[in-house]
Each structure stands twice: as structure tokens, then as C-alpha cells.
Amino acid sequence: MKNPIIVALDVPGAEEARRIVDAVGGHAAAYKVGMELYAAAGMDFVRELVGAGRDVFLDMKFYDIPETVKRAVRQVAAAGVRFLTVHGSGPVMRAAVEGKGSARLELLAVTVLTSFDREDLADLGYPCEVQELVELRVRKAKEADMDGVVCSPLEVRRVREIAGPGMTLVTPGVRSPGAARGDQKRVATPAEAIRNGADYLVIGRQITRTADPAAEARRILEEIAEARAGAS
Ligand code: C5P
């Protein structure tokens, strides 16, 4: 079984992040650097992780004029990053694909932030249901030649139907049965997310806030493998 775990390094500095990466090691497929850690430790830390042989998921959700996006993506690709998020708007995605060129980087579209509801969309001037916009943006991502999409585990089944087998689907918002949810409201278990078509799961606190993060990552892998064996 391919390891689907991406560990979210939601910490305020390189030192704390290093501690997690050292503890989890090869039990994760990749490590996610989001805005907080990026603001604290920047590309120097990203390059350090890449240099140490780790796959990095840079969660920057780029959104700017096409030329700026293209040039920024070129820099990220040159740094050896494995996954990068950009907003799922047509011109932004097309510019990102151009900037990536032939690099190994996988570009992932953020469709609609999962914190958004219908009212937040209306506030932006989009008079539609969240699900409609998610579906539209998945289609646009495919048309733009993006490599994948970030989506909620509760919508991943529908997203897979639209995206087809070739796109990489990544889902945050997963929790093992019984694990603390923190501020996540709409969650699915890791096994459910995989069963519904996810390729990778972004997991933060359930792994990073335990005494033995490597053991927790292994336990989640077993949980998924057992669910798979039970289903077949
Ligand atoms: O600690 P937890 O597992 O909830 O962390 C989930 C990670 O996924 C965080 O880095 C969070 O920012 C990110 N994320 C999310 N929901 C989204 C998009 C990203 O939880 N819709």
C-alpha cells in the first residue's frame, strides 16, 4: 500500500517542525508547510526539508495576477517542492501550469475553502451552492491540466467522479474514530476518505500532538489497511 499520510507542520518555527519530522521520519509520505511555518522559517526551511530527502507540500494557496503566479511557481518548482496549492481560478491555474513547466512539482487546486458556506459565497458575489462551485472548479482544474485538487473528505467521492482516475486528490479534515476533532467540524475517518477516492490525507494534530507521532502514523496506516482488507 502506498503511504497516503501528509503531516501538517502547523507550528511556529523550524525547531518545532524539525522535532516532528525527526520523530515521524519515513512514516509519512510528505510534510506540509503552511502559511504559519512559512512566515516563520520560509524557503530556507523548505529547502532544508527537501535537502534531507523529504517530500514537501507547500500550502501557499497562490492567488495573484497570472505573471506573478507563473514566476512564483517557477521558483517553487526550482526548489524541489513536491506539491503546491493554488486557488482554483482559471487564469491562476493556467499561469501556475505554465510556471511549473516540466518540473516534478504537482499543482493542486483549492476549489472552495471548506470554512466557506453559502453566505460566504454570496458575500463574494457568487450566488450559488458550495457544491456547485466545487464541481465547476474541479472541471476547470482538469481543463487547465492541474495535477490534482484539495477537497473535503465528505466531497471526495463526487470530486473523483468528475476528476477521473488521473488526478491526485488530497483531503484534510480526517480523524480516526475516537480521536479529538479540535476545531474540525465536518470530518471523515482516514479509511473512509481513502475508500471514497482520496490519494493523500493531510493530518496535523492527531499525529503531531501525541507522545509518539511515528507510532500514531503507523497506527493510522494499519487502520487504513485493515479497512481495505475488510472491504475486499
Ligand atoms: O490538525 P488538523 O489535522 O486538523 O490539520 C489539518 C491541516 O489541513 C491544517 O494544516 C489545515 O490548515 C489544513 N486544512 C484543513 N481544511 C482545509 C484545508 C486545509 O484543515 N479545507
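Each value in this text was obtained by applying a stated rule to the coordinates, not by laboratory testing. Remember, predicted model here, so these are calculated numbers, not experimental data. Here the Cβ positions follow ideal geometry from the backbone for every residue, glycine too, while neighbour counts run over all protein chains shown.
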- Taking 0.36 nm per residue of separation between Glu222 and Glu16 and subtracting their Cα-Cα distance, the length gained on full extension comes to 71.5 nm
- Task: Over the Cα atoms of the range 130-212, compute the convex hull volume and normalise it per residue, giving Å³.
- Result: 95 Å³
- Query: Which of Cys151, Cys128 comes first, and how do the rest follow, when ranked by fewest Cβ neighbours within 10 Å?
  - Reply: Cys128, Cys151
- Item | Lysine pairs in the chain with Cα atoms under 16 Å, if 8 or more residues apart or on separate chains | 5
- Final fewest-first order of Lys32, Lys140, Lys185 on the 10 Å Cβ neighbour count is Lys185, Lys140, Lys32
- Where nothing but the Cβ of Lys and Arg (+1) and of Asp and Glu (-1) is charged, how large is the charge dipole of the range 40-92 around its Cα centre, in debye to the nearest 20? 120 debye
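Need one number: % antiparallel among DSSP beta bridges in the chain, to the nearest 5.
Antiparallel bridges: around 0 percent, rounded to the nearest 5.
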- Message: Using +1 at the C-beta of Lys and Arg and -1 at the C-beta of Asp and Glu, which of Thr168, Leu136, Leu58 has the Cα lying farthest in the positive direction of the dipole of the chain?
- Response: Thr168
- Query: Over the Cα atoms of the range 87-135, Rg to Rh with Kirkwood Rh, two decimal places?
  - Reply: 1.09
- Note on the structure: If the chain between Glu143 and Ala78 were fully extended at 0.36 nm per residue, the gain over the current Cα-Cα distance would be 21.0 nm
- Item | Neighbour-count ranking [beta-carbon atoms within 10 angstrom, fewest first] of Met43, Met1 | Met1, Met43
- Along principal axes, Cα extents of the chain, largest first, whole Å: 44, 40, 32
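Let's see if you can work this out: charge +1 on each Lys and Arg Cβ, -1 on each Asp and Glu Cβ, no other charges. What is the dipole magnitude of the chain about its Cα centre, in debye to the nearest 20?
Using only the charged Cβ atoms, the result is roughly 460 debye.
Which semi-axes, in whole Å and largest first, does the equivalent ellipsoid of the range 60-163 have when worked out from the alpha carbon gyration tensor as the square roots of 5 times its eigenvalues?
Working: eigenvalues 117, 45, 24 Å².
Gyration-tensor ellipsoid for the range 60-163: 24, 15, 11 Å.
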